[in-house]
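Below you'll find the structure, written out as structure tokens, and then a few comments.
The values are calculated or read from the model by the stated rules, or taken from the named source; none is laboratory data. Worth saying up front: this structure is predicted, and the values here are computed from it rather than measured. Every residue, glycine as well, gets a Cβ built from its backbone with ideal geometry; the counts of neighbours run over all protein chains shown. Calculation scope for accessible area: heavy atoms of the full protein, side chains included, ligands and nucleic acids excluded. Shrake-Rupley method; radii C 1.70, N 1.55, O 1.52, S 1.80 Å.
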Amino acid sequence: METREANGIGFRCGTWPLDPTRPTLIFLHGSGGSSVLWHGQVDALADRANTVALDLPGRGLSPGPGMRAIPDYARAVLEFVDALGAPRPIPCGLSLGGGIALQLLLDHPGRFEAGILIGTGARLRVLPAILEGIQRDYAAHLAGMDMAASPRTDRALLRPIMESNAQCSAEVALGDFLACDAFDVMQRLGEIDVPVLVVSGEDDRLTPPKYADFLEKGIRHARRAHIADAGHLAPAERPAEVNRAIAEFLDAAVP
Ligand code: COA
């Protein structure tokens with residue numbers, strides 16, 4: 001895994017330079033998170049595609065302020081993809097990152113040949129207790145986010161993510177969750193005309209499988225992978241199963 005930067009956005013990639021003939025998976029993390037979420041994908045999928053996991057503005061490898069709206073994050077990601085010259089980009093996002101991926105697919109038809117949506121939804125209302133908790137006691141909020149994972153997940157797998165999330169400021173995390181709270185593209189899914197993989201975790205309490213059912217029904221060329229014993233952080237909780245689903249999708253949809 002290598003660490004690089006383009007257009008002020010830091011990212012980790014599986015191979016460099018990017019292969020111009022292969023699709024490029026653009027991995028987009030969730031609220032208050034970082035590219036550390038995708039450590040189980042960046043190298044493991046590098047024999048199948050270019051893999052690029054970025055830190056959204058405001059944290060980790062990407063300094064500066066965060067943002068408070070998904071369309072703003074989507075614009076920053078598109079500028080990054082263009083600056084990088086990423087061949088055949090395929091947005092692959094979790095939660096907030098899934099919202100960003102959806103926004104990109106909706107607003108730039110023809111620009112992306114496929115998309116991957118993991119633990120996310122077409123609407124991402126946030127529990128008021130989460131928004132209040134970040135502002136009242138950020139340390140307690142961070143500790144409480146353990147509930148994002150399945151109770152059956154080995155907590156050691158989550159440690160790098162929890163440590164990385166603790167480096168994200170409360171202000172940036174709050175902006176991320178506010179961006180989710182305002183997101184609603186439920187009426188627009190019919191506009192998407194490219195293959196989309198929808199991945200849900202059986203035990204996801206933050207974006208329950210019902211949200212994935214809605215995506216699967218509303219997106220014309222959707223495929224579904226439902227991961228057993230996984231919560232909201234499926235790529236870290238069940239990397240082998242998630243990677244298999246992504247590889248099979250790439251084989252079928254973007255050969
Ligand atoms: N896909 C499909 N259905 C959805 C949906 C989505 N993305 N988002 C909401 N809905 C459904 C809800 O299940 C609900 O259905 P119901 O009336 O049959 O129960 C209905 O639409 C309205 O839900 P919602 O807009 O979320 O408003 P609410 O006032 O009922 O609930 C919350 C608000 C915050 C309690 C709720 O959205 C929630 O529990 N969210 C998940 C927890 C969270 O904070 N996640 C973080 C996401 S980043």
Pseudo-spin-label distance Glu5 to Leu127, built 7 Å along Cα→Cβ, given in nm, is 3.7 nm
I need two numbers for region 147-255: Rg to one decimal and Dmax as a whole number, Cα atoms only, in Å. 15.4, 41
Using alpha carbons only, how many angstrom separate the centre of region 202-243 from the centre of region 25-104? 18 Å
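Given 37 °C and 0.692 mPa s, compute D for the chain with the Stokes-Einstein relation, Rh being the Kirkwood radius over Cα pairs; round to the nearest whole µm²/s.
Working: Rh = 17.7 Å.
D, rounded to a whole number, is 186 µm²/s.
Could you tell me the convex hull volume per residue, in Å³, taken over the Cα atoms of region 34-184? Intermediate values should be presented prior to the final figure.
Working: hull volume 17.9 nm³, N = 151.
Spread over its residues, the Cα hull of region 34-184 gives 118 Å³ apiece.
Of the peptides 20-29, 120-129, 139-148, how do they stack up when ordered by the mean number of other Cβ atoms within 10 Å, highest first?
Numbers: 20-29: 22.5, 120-129: 18.1, 139-148: 16.0.
Packing order, densest peptide first, comes out as 20-29, 120-129, 139-148.
So, with +1 on the Cβ of K and R and -1 on the Cβ of D and E, and no other charges, what is the size of the charge dipole of the chain about its Cα centre, to the nearest 20 debye? Please report the intermediate quantities before stating the final value.
Values: 24 positive and 32 negative charges, 53 e Å.
It comes to approximately 260 debye.
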Where only protein heavy atoms count, and the probe is 1.4 Å, what is the accessible area per residue for region 75-200 in Å²? 41 Å²
Neighbour net charge for Gly115 - beta-carbon separation under 15 angstrom, K R +1, D E -1: +1
Simple spin-label estimate for Arg224 and Ala252 in nanometres, 7 Å along Cα-Cβ: 1.2 nm
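Which net charge results when you count Lys and Arg as +1 and Asp and Glu as -1 among the other residues whose beta-carbon is under 13 Å from that of Pro255? Provide the component values of the computation, followed by the final result.
Numbers: positive: Arg22, Arg48, Arg88; negative: Glu113, Glu248, Asp251.
Neighbourhood net charge equals 0.
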Share (percent) of C-alpha pair distances in region 1-66 greater than 17 Å works out to 35 percent
